[in-house]
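These notes are about the structure you will find just below.
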Amino acid sequence: MARDAFQNAVRHALEKEGWRITNDPLRLEYKGAKLEIDLGAERFIAAERNEERIAVEIKSFASGSALSEFQTALG
């Protein structure tokens with residue numbers, strides 16, 4: 001899997017906000033389809049005694065055509 005140019009910056013920003021990176025990348029399987037998401041993270045919320053979990057897909061639109069990049073990102 002190719003890493004996005006901003007993946008390290010996003011990872012560090014999440015960690016700075018209290019998220020613990022649990023997967024890099026996060027691999028999932030749903031109804032026979034295998035998915036790979038850039039990062040998986042979780043954060044413990046002391047007040048609620050609960051956990052939050054997120055999956056983060058990182059995309060940059062660095063080429064000359066933002067519309068083309070958007071179309072590629074959506075598939």
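Out of all the residues in the range 18-28, is one or more among the hydrophobic types (A, V, I, L, M, F, W, C) and farther than 12 Å from Ala55 by Cβ?
Of the residues in the range 18-28, the ones among the hydrophobic types (A, V, I, L, M, F, W, C) are 19, 21, 26, 28.
From the residues that got through so far, the ones that are farther than 12 Å from Ala55 by Cβ too are none.
Scanning the range 18-28 turns up no residue that is among the hydrophobic types (A, V, I, L, M, F, W, C) and farther than 12 Å from Ala55 by Cβ.
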Please identify the pairs in which a residue from the range 6-21 that is surrounded by 11 or more Cβ atoms within 10 Å (Cβ to Cβ) has its Cβ atom under 8 Å from the Cβ atom of a residue that is polar (S, T, N, Q), counting only partners at least 6 apart or on another chain. Phe6/Ser60
List the number of the failed condition for Glu42; all other conditions in (1) surrounded by 11 or more Cβ atoms within 10 Å (Cβ to Cβ); (2) modelled with pLDDT of 90 or more; (3) of a type outside the set (A, V, I, L, M, F, W, C) hold. (2)
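The values are calculated or read from the model by the stated rules, or taken from the named source; none is laboratory data. Being a predicted model, the structure only gives us computed values, none of them experimental. Cβ coordinates were reconstructed from backbone atoms using ideal geometry, including for glycine residues, and neighbour counts include every protein chain displayed.
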